[in-house]
Amino acid sequence: MIAVLILLVSLLAFVQFFLSYCRALVATYRKWELSEEVRKLTGIHDAEVQAEALPRLRQLVQLCPESDDKLELRSVNTYFGLLNLFRLTLGRFLPPLHAWLEKERQGCAYFMAVALDRRIAHNRELVAQQLANRL
């Protein structure tokens with residue numbers, strides 16, 4: 001019985017750490033300004049990115065060669081899935097929670113747009129380095 005209790009406490013601590021980590025990632029990426037090129041590419045015209053755009057943004061990110069942000073992307077994708085689950089179950093009954101969940105989901109979509117922007121910039125740097133090495 002004690003082993004089960006230790007397991008439950010450990011799982012709860014892990015979930016709390018994971019949620020805090022993901023919220024910190026999303027908050028950090030919200031401070032980044034999207035480039036005009038990514039805005040045109042994705043059709044984002046204002047500072048808010050609709051949460052429904054995340055799957056399309058994820059596909060665009062996957063088209064770019066990989067960078068060192070794979071763990072962050074996977075974490076935010078998992079966090080977005082948890083937010084969707086909470087929105088479908090708890091969000092219906094608690095309107096203030098629904099508004100917060102929608103804001104967090106939009107933050108995840110903005111995170112994905114910034115990740116796309118960073119990958120495009122990284123690829124530009126790689127191409128510039130290759131061109132410089134040829135000359």
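The values are calculated or read from the model by the stated rules, or taken from the named source; none is laboratory data. The shown structure was predicted, so the numbers you read here are calculated from the model rather than taken from an experiment. Glycine also receives a Cβ, built like all others from the backbone with ideal geometry; neighbour counts cover every protein chain displayed.
Before moving on, here are some points about what is shown:
- Restricting Glu52, Glu37, Glu48 to those that are exposed (fewer than 14 other Cβ atoms within 10 Å of the Cβ), in a loop (DSSP other than H, G, I, E, B) and either modelled with pLDDT under 95 or touching a strand residue (DSSP E or B) at 6+ places or on another chain (Cβ under 9 Å) (or both) reduces the list to Glu48.
- Test: residue in the stretch 70-77 that is assigned to a helix (DSSP H, G or I), under 18 Å from Gly107 (Cβ atoms), in contact with a helix residue (DSSP H, G or I) (Cβ under 9 Å, 6 or more places away or on another chain) and among the polar types (S, T, N, Q): yes
- Breaking point among (1) surrounded by 15 or more Cβ atoms within 10 Å (Cβ to Cβ); (2) more than 16 Å from Arg23 (Cα to Cα); (3) of a type in the set (A, V, I, L, M), for Leu131: (1)
- Total residues in the stretch 9-32, condition in contact with an Asp or Glu (Cβ under 9 Å, 6 or more places away or on another chain) and charged (D, E, K, R): 1
Here's the yes/no breakdown for (1) of a type in the set (A, V, I, L, M, F, W, C); (2) within 22 Å of Ala24 (Cβ to Cβ):
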{"position": "Asp68", "(1), (2)": "no, yes"}
{"position": "Leu71", "(1), (2)": "yes, yes"}
{"position": "Phe80", "(1), (2)": "yes, yes"}
{"position": "Leu90", "(1), (2)": "yes, no"}
{"position": "Phe93", "(1), (2)": "yes, no"}
{"position": "Ala99", "(1), (2)": "yes, yes"}
{"position": "Met112", "(1), (2)": "yes, yes"}
{"position": "Asp117", "(1), (2)": "no, yes"}
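- Selection from the stretch 63-105 of residues that are under 24 Å from Val38 (Cβ atoms) and of a type in the set (A, V, I, L, M, F, W, C): Leu63, Cys64, Leu71, Leu73, Val76, Phe80, Leu83
- Whichever residue in the stretch 55-65 is of a type in the set (A, V, I, L, M, F, W, C) and either in a helix (DSSP H, G or I) or under 13 Å from the mean Cα position of the chain (by Cα) (or both) and, among such residues, is farthest from Phe111 (Cα to Cα): Leu63
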